[in-house]
Structure formats: C-alpha cells, structure tokens
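The values are calculated or read from the model by the stated rules, or taken from the named source; none is laboratory data. Quick caveat, the model's predicted, so the values are computed rather than measured. We place every Cβ from the backbone using ideal geometry, glycine too, and count neighbours over all the protein chains shown. What goes into the accessible areas is simple: the full protein's heavy atoms, side chains included, and nothing from ligands, DNA or RNA. Shrake-Rupley method; radii C 1.70, N 1.55, O 1.52, S 1.80 Å.
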Amino acid sequence: EVSVSEDLPLAPVDFGLMEQVFANLISNSAKYSPVGSIIRIQAHLQKDQSLVVQVSNQGPTVPEEHLERIFDKFYRVTAADRVTGTGLGLSICKGIIEAHGGRIWAENLVDGFAFNFTLPLALEGLRPPKPVELEEI
C-alpha cells in the first residue's frame with residue numbers, strides 16, 4: 001500500500017540510488033514478514049521542511065538493543081539461517097540516505113516494524129524545480 005499526497009514536494013535525490021533504497025527496504029520487509037501481509041509506504045512533509053518516508057510491515061518486532069545495529073554491515077537479528085542475502089542491504093540504505101543529507105532509523109510498531117528516513121528538500125540551499133505539467137507545454 002502506498003500513501004503519498006499528490007502535493008508532496010520534490011526532493012533533490014539521485015533516482016537510481018533512491019530506487020536501491022526502496023528495493024532494499026521492501027525486500028527486507030518481505031523477507032521477514034508473514035506471507036500475505038501488507039507492506040506500507042508512506043511519505044509526508046515534516047515541520048522542518050524535510051521529507052519523511054516510512055516503509056512498514058507486519059513482521060516481528062526487533063529487540064530494542066538491536067534497532068541501531070541493524071544498519072551495520074553483515075548484522076542480522078533473526079532468521080539468518082533461513083533468509084538469503086549478504087547482510088549489506090540496510091547498510092547500503094544508510095550510506096545512501098546519509099549521502100543525501102538525511103537520516104535513517106528503525107522502530108517497532110504496535111502491529112509490526114518500520115524503517116523510516118528523512119530527506120532534505122533543498123540541496124546546497126536550492127530546492128528542485130517544480131515539474132512542468134503537460135498542459136503548460
């Protein structure tokens with residue numbers, strides 16, 4: 001499920017790198033969630049004029065002491081013997097988000113687990129141009 005308002009402003013990001021972030025977070029959510037459960041992607045504007053994105057799932061919660069470490073290279077909390085992968089996906093996400101000037105973190109939810117990240121809406125003080133509507137051309 002995707003919940004993003006139509007008036008959400010653009011953020012200055014590298015499309016290919018952000019595609020990798022979403023692929024990794026969604027893949028991770030799918031690996032650790034029960035079959036048939038819902039993965040949600042939500043985005044909204046934060047008061048400080050940054051974009052906040054959440055990828056949540058109905059998977060198991062993570063013990064609090066592991067929440068910060070899951071973004072470390074090769075770190076796994078559960079099901080390491082049943083889940084394929086190198087253990088680098090979340091570390092790659094952290095590097096990409098931080099390179100964009102954002103922050104990434106994980107949190108337990110009442111009904112599952114979520115990855116959250118922020119992205120600034122300006123790069124070097126400049127905001128991206130608004131997209132040109134086809135009717136304006």
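Within segment 52-74, if we keep just the residues that are open to solvent by 60 Å² or more (accessible area, probe 1.4 Å) and part of a helix (DSSP H, G or I), the residue that is nearest to residue 123 (Cα to Cα) turns out to be 69. Out of the residues in segment 1-10 meeting the condition of being closer than 21 Å to residue 56 by Cα and of a type in the set (A, V, I, L, M, F, W, C), tell me which one is modelled with the lowest pLDDT. So the residue we want is 8. Could you please let me know if residue 49 is closer than 17 Å to residue 113 by Cα and either surrounded by fewer than 15 Cβ atoms within 10 Å (Cβ to Cβ) or at pLDDT 90 or above (or both)? No. Do you know which of the residues in segment 2-29 that are in contact with a strand residue (DSSP E or B) (Cβ under 9 Å, 6 or more places away or on another chain) and of a type in the set (Ser, Thr, Tyr) is nearest to residue 107 (Cα to Cα)? Looking at the filtered set, the residue picked out is 29. Looking only at segment 25-37, filter to residues that are at pLDDT below 95 and part of a helix (DSSP H, G or I); which one of those is least open to solvent (accessible area, probe 1.4 Å)? Among residues in segment 25-37 that are at pLDDT below 95 and part of a helix (DSSP H, G or I), the one least open to solvent (accessible area, probe 1.4 Å) is 29.
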